[in-house]
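One structure is given here, and the rest of the page talks about it.
Derivation of every value follows stated rules applied to the coordinates shown; laboratory data play no part. Source: prediction; values computed, not measured. Here the Cβ is made from the backbone with ideal geometry for all residues, glycine too, and neighbour counts use every protein chain on show.
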Amino acid sequence: MELLNHDLAHEFPQYLEKMNQLKASDAHFASLCEHYDTDNQTITQYEQGKTPIADEMLEVLKKKRLERKDEIYQILKAD
């Protein structure tokens, strides 16, 4: 099974330049992106079977990642 790539560059390719600018100028946005990336890497490792995890816990992590992605998107489309 091929896993989807959920990094922010693939999720929001149209906002790459804006993401880079906001990461440099907005500490909250930079923190959101950092936490999103960490969550994404953790989920990827679980999905690849490198570390065992209960299905329920994996779903909790995915929901947290989605909430962060939604917040990032709201900031990106605001301006």
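Summary of values
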item: Dipole magnitude of the chain about its Cα centre (Cβ charges: Lys, Arg +1; Asp, Glu -1), debye to nearest 20; result: 80
item: Mean ellipticity per residue at 222 nm, deg cm²/dmol - from DSSP H runs of n ≥ 4 across the chain, formula -39500 (n - 2.57); result: -24500 deg cm²/dmol
item: Spacing of the two label points (7 Å from each Cα toward its C-beta) at Ala54 and Ala78, in nm; result: 3.6
item: Helical segments meeting 20 Å axial Cα length and Kyte-Doolittle -1.0 threshold in the chain (DSSP H); result: 27-47, 55-78
item: Amide N of region 52-72 lying under 20 Å from the label point, which is placed 7 angstrom from the Cα of Lys18 along Cα→Cβ; result: 66-72
